[in-house]
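In what follows, a structure is listed as structure tokens, so that the remarks can point back to it.
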Amino acid sequence: MSNRDYDLFVIGAGSGGVRAARMAAAFGARVVVAEDRYMGGTCVNVGCVPKKLYVYASAFSHDCEDARGFGWDSQVPGFDWSTLRDNKKQEISRLNATYRDLLSGVDADIIDGRATIIDTHTVAVNGQQYSTDKLLISTGGWPRRDTTPGAELGVTSNEIFDLEEFPRRIVVVGGGYIAVEFAGIFNGLGSQVTQLYRGPLFLRGFDQDIREHAAREIAQSGVDLRFNVVVDSIEQTSSGLLCQLSDGNSIEADQVLYAIGREAHLEGLGLENVEVALNNNGTIKVDTEFCTSEPSIYAVGDVIGRMELTPVALAEGMAFARKQFGPKDMPVGYDFIPSAVFCQPNIGTVGFTEEAAREEFGDITLYKSTFRPMKYTLSGRNEKTFMKLIVDTASDRVVGVHMMGPDAGEIIQGIAIAMKAGATKAIFDDTIGIHPTAAEEFVTMREPWTAS
Ligand SMILES: Cc1cc2nc3c(=O)[nH]c(=O)nc-3n(C[C@H](O)[C@H](O)[C@H](O)COP(=O)(O)OP(=O)(O)OC[C@H]3O[C@@H](n4cnc5c(N)ncnc54)[C@H](O)[C@@H]3O)c2cc1C
């Protein structure tokens with residue numbers, strides 16, 4: 001044991017930091033965690049958790065409409081934003097306390113305050129300095145701000161959950177999964193939603209078929225989706241926020257949400273006091289063991305910008321703690337990481353996109369299916385599910401699975417296990433389906449897709 005105050009000083013009590021701290025402390029390390037905003041970090045406070053709660057809230061309007069076809073005399077009832085917001089706050093407070101308990105339960109110290117690195121073994125919080133053998137930066141990401149005149153009148157994902165007033169009209173700027181999810185949330189809650197994206201098609205990085213299917217479904221669900229357009233300026237008027245667009249149009253809204261990407265959260269961290277190298281995109285550069293260019297300083301999670309997802313931050317935090325303090329090394333496997341977009345309907349995806357698979361494997365075989373979910377045959381909803389399998393022709397291995405349809409996130413999680421295990425198309429074919437489900441389509445697609 002060293003004569004420093006701690007074996008490990010963790011900066012940031014988000015997904016990665018808390019997991020690393022808990023595991024290191026459980027392995028016997030003397031651990032402290034500094035957190036300056038909220039226990040649990042982005043995911044718990046302004047990310048996955050409140051987002052999913054709001055997605056659930058937004059789905060009730062669809063459910064009420066669908067119920068009529070099944071004989072229910074249902075009207076879409078009124079929606080009260082303050083009930084949703086305040087119930088969400090209560091649940092998040094419960095989770096904040098749970099995270100605090102998880103750390104105290106393994107005897108990790110907690111300091112509420114912003115941490116600044118003083119040197120490679122010293123951190124200052126609230127005017128006090130602490131020495132440590134190892135330092136872990138897990139400060140996460142922060143929403144990018146736009147420089148458009150008047151952009152400061154808008155909000156980001158940090159503020160949107162706690163708006164005082166429900167926005168009857170909202171402009172969502174951005175084309176990533178966060179922008180798409182919020183457009184769906186407010187659409188479902190009853191706002192008039194306009195989503196603007198600067199490029200020709202949103203959801204960059206997703207499979208092209210999924211992107212196109214999503215654009216059709218989302219536009220059909222009522223979101224006014226506009227591509228190749230940006231906001232040039234925003235002005236406060238007596239009746240709202242007036243957005244002047246690059247295509248010459250203007251839109252008035254009650255709220256403008258900027259969801260135009262996230263950056264590594266490094267402000268005030270004191271990186272100028274050490275030699276921690278950054279990647280070109282401003283994230284922290286680490287090696288395979290999450291060590292930065294300073295041998296005593298490590299980093300995990302969104303701040304290293306590998307895959308900005310909670311389960312990835314958790315896995316990195318665990319791998320770091322095991323490697324540095326545990327009995328056995330267990331590196332993170334970055335291949336076949338599944339993910340979901342909680343829009344209406346959901347997108348679930350794992351593995352290669354068609355474009356990436358073609359580049360990686362050359363000869364690929366595609367299987368595609370588009371169908372109307374059984375539930376909508378009676379409700380009359382005009383929504384289609386889309387599924388796609390991508391197979392490496394030479395090995396028969398399934399290398400990409402993509403879906404847009406109800407519960408796609410839940411379905412793809414199971415498929416990801418098969419893919420991690422190296423499942424071939426022959427194994428998919430040999431698997432008996434569960435009937436009647438949408439998921440059974442994944443094991444019954446027999447005819448390769450050919451361009452007509
Ligand atoms: C709107 C939204 C929706 C999302 N939805 C999903 C989803 O559905 N699924 C999914 O997997 N991921 C989702 N994510 C991403 C997920 O939230 C992040 O990948 C995850 O939180 C990253 O964890 P982290 O530990 O790297 O950082 P964070 O969770 O961001 O934690 C970093 C913590 O460090 C603290 N901190 C920063 N600087 C300092 C300092 N100097 N001193 C002390 N404390 C500091 C911050 O206050 C914060 O609490 C979403 C993100 C957003 C914004």
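Given the condition closer than 26 Å to TYR54 by Cα and buried (at least 18 other Cβ atoms within 10 Å of the Cβ), answer yes or no: does some residue in the range 133-140 qualify? Let's see the steps before the verdict.
Start the filter on the range 133-140 by keeping residues that are closer than 26 Å to TYR54 by Cα, which leaves 139-140.
Narrowing the set further to residues that are buried (at least 18 other Cβ atoms within 10 Å of the Cβ) leaves 139-140.
Yes, that holds for at least one residue.
Candidates ALA24, ALA34: the one that is open to solvent by less than 10 Å² (accessible area, probe 1.4 Å), more than 14 Å from the ligand (Cβ to nearest atom) and touching a strand residue (DSSP E or B) at 6+ places or on another chain (Cβ under 7 Å) is ALA24. Can you confirm whether LYS384 is of a type in the set (Lys, Arg), buried (at least 19 other Cβ atoms within 10 Å of the Cβ) and touching a residue at least 12 places away in the same chain (Cβ under 8 Å)? The answer is no for LYS384.
Every residue, every condition in (1) of a type in the set (A, V, I, L, M); (2) closer than 19 Å to VAL76 by Cα; (3) touching a residue at least 12 places away in the same chain (Cβ under 8 Å), yes or no:
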residue	(1), (2), (3)
GLU181	no, no, yes
GLY184	no, yes, yes
GLN192	no, yes, yes
GLN195	no, no, yes
LEU201	yes, no, yes
GLN208	no, no, yes
GLU212	no, no, no
GLU217	no, no, yes
ASP224	no, no, yes
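Within the range 249-274, residues that are closer than 28 Å to GLY301 by Cα and in a loop (DSSP other than H, G, I, E, B) reach partners that are open to solvent by 60 Å² or more (accessible area, probe 1.4 Å) and near the ligand (Cβ under 10 Å from one of its atoms) with beta carbons closer than 8 Å, at six or more positions or on different chains, in the pairs HIS265/TRP142; GLU267/TRP142; GLY268/ARG114.
If you go through the range 286-320 and keep only what is in contact with a Leu (Cβ under 8 Å, 6 or more places away or on another chain) and assigned to a strand (DSSP E or B), you end up with ILE297, TYR298, ALA299. For the range 37-76, filtered to residues that are among the hydroxyl-bearing types (Ser, Thr, Tyr) and near the ligand (Cβ under 7 Å from one of its atoms), the residue that is nearest to PRO311 (Cα to Cα) is THR42. Looking only at residues in the range 321-348 that are crowded, with 20+ Cβ neighbours inside 10 Å and part of a helix (DSSP H, G or I), the one that is farthest from the ligand (Cβ to nearest atom) is GLN324.
For (1) touching an Asp or Glu at 6+ places or on another chain (Cβ under 8 Å); (2) of a type in the set (Ser, Thr, Tyr); (3) farther than 30 Å from ALA20 by Cα, each residue gets a yes or a no:
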{"residue": "ASN158", "(1), (2), (3)": "no, no, no"}
{"residue": "VAL171", "(1), (2), (3)": "no, no, yes"}
{"residue": "ALA179", "(1), (2), (3)": "no, no, no"}
{"residue": "GLN192", "(1), (2), (3)": "yes, no, yes"}
{"residue": "PHE202", "(1), (2), (3)": "no, no, yes"}
{"residue": "GLU212", "(1), (2), (3)": "no, no, yes"}
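Scanning the range 296-320 for residues that are touching a residue at least 60 places away in the same chain (Cβ under 8 Å) and either away from the ligand (no atom under 13 Å from the Cβ) or among the aromatic types (Phe, Trp, Tyr) (or both) turns up SER296, ILE297, TYR298, PHE320.
The values are calculated or read from the model by the stated rules, or taken from the named source; none is laboratory data. Here the structure is a predicted model, which is why all the values come from computation and not from measurement. Cβ: placed from backbone, ideal geometry, glycine included. Neighbour counts: every protein chain shown. Side chains are part of the model used for accessible areas, which takes the heavy atoms of the whole protein and leaves out ligands, DNA and RNA. Shrake-Rupley method; radii C 1.70, N 1.55, O 1.52, S 1.80 Å.
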